[in-house]
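Taking it in order: structure first as structure tokens, then the write-up.
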Amino acid sequence: MLPHSPATFADAYQRIKKGILDLRYQPGQKLSEAKLAAELKLGRSPIRSALARLERDGWVRVLPQNGTFVRRFTPEEVAAMSELRLLLEAHAASVAATRVAPQELAELRLKFEALKAKGASKNFDEFLALDDLFHGMVYRLAGNAFIAQILNNLRDQIHWIRVTTATLPGRVEESLLEMDRVLHAMEHRDALAAAEAMRQHIGNIAVSYEALPGAREEGADAA
């Protein structure tokens, strides 16, 4: 007989992962089985199994004699993931530019202009929602389920970078303007310009992370 049901394990996995994505569990933070079990009101066994799965999936790292820690990516790892995103998202943007419906473009343009008028950094949750909507549209219109799955996983893994780099002066507004350039190219059905604008947007992820105080020092002994 299994020590816990698959549903309980799945619940533990999803709730801990969501805590990581929501930055409730910070990069580099040590995770205690006992504290997680008490917080999530679950047994130690499903928590232990969930942490093992999260380690396999790259969300946490287990350091012998030290414990389990939320994964902290090094600048080199961020650069590698950004490079993969750059290649795939540039392609996706070029395809999306030829497929996006005029009504969808018009609705996005209204959202972009409204957020620019209010100020993206002052409305960060709205910025994140628009960011998700925009990139999700690009992935969907690319018409390749494998590319969409890879890109969604990558965005999940470095979601915390969007939040931490928001502390850099002007970065949120810059990111919105970068996406606006991709949208502008799509409005003109310019596949090449859309791909180039997306390259510039994604390429700034690793650059922004490098600019964070202590990013390289922290990454050197990443948990």
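Selection over segment 206-223 of residues that are modelled with pLDDT of 80 or more and either of a type in the set (Asp, Glu) or buried (at least 17 other Cβ atoms within 10 Å of the Cβ) (or both) gives a count of 1.
One residue stands out among those in segment 92-103 that are in a helix (DSSP H, G or I) and touching a helix residue (DSSP H, G or I) at 6+ places or on another chain (Cβ under 7 Å): the one that is nearest to Ala148 (Cα to Cα), which is Ala92.
Of all the numbered requirements in (1) under 16 Å from Trp160 (Cβ atoms); (2) among the β-branched types (Val, Ile, Thr); (3) over 20 Å from the mean Cα position of the chain (by Cα), Val60 misses one, and that requirement is (3). Residues in segment 21-73 that are open to solvent by less than 30 Å² (accessible area, probe 1.4 Å), in contact (Cβ under 8 Å) with a residue 12 or more places away in the chain, among the aliphatic types (A, V, I, L, M) and outside any loop (DSSP other than H, G, I, E, B): Leu31, Leu36, Leu40, Ile47, Ala50, Leu51, Leu54, Val60, Val70.
Of all residues in segment 48-57, none are of a type in the set (Ser, Thr, Tyr) and at pLDDT below 90.
Candidates in segment 63-104 are the residues that are in contact with a Gly (Cβ under 8 Å, 6 or more places away or on another chain) and of a type in the set (Ser, Thr, Tyr); of these, the one that is modelled with the lowest pLDDT is Thr74.
Listed here are the helices (runs of 4 or more DSSP H) enclosed by segment 111-191 that have at least 3 residues being open to solvent by less than 50 Å² (accessible area, probe 1.4 Å) and under 25 Å from Trp59 (Cα atoms): 124-142, 145-157, 159-164.
The values are calculated or read from the model by the stated rules, or taken from the named source; none is laboratory data. Just so you know, these numbers come straight off a predicted model, no measurement behind them. Virtual Cβ from ideal backbone geometry, glycine too; neighbours counted across all protein chains shown. These area figures cover heavy atoms from the full protein model, side chains too; ligands, DNA and RNA do not enter into them. Shrake-Rupley method; radii C 1.70, N 1.55, O 1.52, S 1.80 Å.
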